[in-house]
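In what follows, a single structure is set out as structure tokens and then discussed.
Quick note: the coordinates plus some simple rules give every number you see, no bench work behind them. Note that the coordinates shown come from a computational prediction; the quantities given were computed from them, not determined experimentally. Positions of Cβ are generated from backbone atoms using ideal geometry, with glycine treated the same way; all protein chains shown enter the neighbour counts.
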Amino acid sequence: MVYAPVRPGRSLPPVRVNLYSDTQTRPSAAMKEAMMRAEVGDEQSGDDPTVNALCDRMAALTGKQAAMFLPSGTMCNQISILTHCRPGDEILAHKGSHIIANEGGGPGALAGAVVLGLRGVRGMFDSATMKGALREKRRNAPPQTLVAVEQTANAGGGSVWPLALLTDVLSTAHELGLKTHMDGARLMNAVVAAGVTAREMAEHCDSVWLDFTKGLGAPLGAVLCGSEAFIDEAWRWKQRLGGSLRQAGICAAACLYALDHNVDRLTEDHANARVMARGLAQVPGLTVEEPETNLVFFDTRGTGLTADVLADRIRQVGVMVSTVGPYRVRACTHLDVDAAGVELAVQAIAGALR
Ligand SMILES: *Cc1c(COP(=O)(O)O)cnc(C)c1O
């Protein structure tokens, strides 16, 4: 079977506003300059000074002992699961989480672990829900070893786990003998939106990572953080999966550049998302979820059009969004989308429905 490309798009007009994802950014000229100047070495041998600098910086940022550079966020999640779990283990995570829906069945295929999907509003759950999913420790029950949270919760609407809820869920998990993992693909969006440090958010996480390709503008790279012992063990999986790199400093330099220049400005993306949500809320038939960060989700049911039909129509005028359900659309702001682009997108959507 041949799978369709994520976004088939030949012979379409050029894209003017790309709200498909915050992964669609192109590295800026200044970022490429930083990459060209990077000092490099053999990453697999621990000799790449730029990768080491990035890892030190990320360990400090998240308050962990150690960090590891990886090509992608998916690899951060999968290596964390492989390191924390054994075949047959059960992981607790929200039912809409990326590890369940978007990683090709990785937990089952690679670690032999099952993910139990928990319910909860906006991609979050509380400690009562988590406790309700715990099984009696019996020989015939799968060992439940890991709780995973997403900060921000992507399919939950780019929502931010409030610190009190996060602390309650993760510290309760620890009390119950479970390990804790944070998929922090958009952790810095949560940090700037909530005004809470990454260190505070990650305090009760045994593993946490940040993606540099989600709104931070880097072409690739994610950093996984945890204790010395966790990262040591995780290195074996990095090696096994072919995630050990060579002169990766050229990419780490882009990530360091992103930390210096592209974090504080995430507030602009959040402001643009709010403006877009307000504009879309004026369009008859659309139901818009209140954005907390850079992801704007809206429902097309009231227009009589499916999400795909609407997306195809606005693509004809150069506006690109993603669809995440028969009637659910996601529009994502990032550093290559400005206020004018947001306005154009709102007009295109209103026009397509007129
Ligand atoms: C994008 C994303 C990932 C995967 O990151 P990649 O770098 O695309 O592999 C994992 N979790 C969440 C919540 C994401 O949004």
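Observations, loosely collected:
- Shape class for region 64-187: rounded, because the ratio a/c of the largest to smallest gyration tensor axis (alpha-carbon atoms, square roots of eigenvalues) is under 1.5.
- Lysine pair number, Cα distance threshold 25 Å (strictly under), the chain, separation 8 or more or different chains: 12
- At the listed q of 0.14, 0.18, 0.19, 0.28 Å⁻¹, the Debye profile of region 243-315, built from one uniform point per Cα, gives log10 I(q)/I(0) equal to -0.64, -0.78, -0.81, -1.22.
- Amide H contacts under 5 Å for residue 144, placed H, 5+ residues apart: 90
- Rounded to whole numbers, the Karplus 3J(HN,Hα) couplings from phi for region 33-50 are 4, 4, 5, 5, 7, 4, 7, 10, x, 8, 4, 4, 8, x, 9, 8, x, 6 Hz, using 6.51 cos²θ - 1.76 cosθ + 1.60 with θ = phi - 60°, and x at Gly and Pro.
- Projected label distance in nm at residue 137 and residue 199, using a 7 Å step from Cα toward the beta-carbon: 3.4
- Fraction of antiparallel bridges per DSSP, the chain only, in percent to nearest 5: 50
- Residue 208 long-range amide H proximity, modeled H, under 5 Å: 182, 225
- Of the trypsin sites (Lys or Arg not before Pro) found in region 72-180, the ones in coil according to DSSP and having at most 10 other Cβ atoms within 10 Å of their Cβ are 137, 138, 139.
- Computed over every Cα-Cα pair of region 1-149 and binned at 5 Å starting from 0, the pair-distance distribution P(r) comes out as 2, 7, 11, 13, 15, 15, 13, 12, 8, 3, 1, 0 percent.
- Average projection area in nm² (convex hull over Cα atoms of region 155-226, one quarter of hull surface): 5.0
- Working from label points 7 Å from Cα in the Cα-to-Cβ sense, the residue 309 to residue 164 distance is 4.5 nm.
- Based on C-alpha pairs under 8 angstrom that are at least 6 apart in sequence, region 38-261 has a relative contact order of 30 percent.
- Once the Kirkwood radius over Cα pairs is known for region 231-354, the Stokes-Einstein relation at 20 °C and 1.002 mPa s delivers a diffusion coefficient of 129 µm²/s.
- Cα gyration tensor category, rounded, prolate or oblate, for the chain with a/c compared to 1.5: oblate
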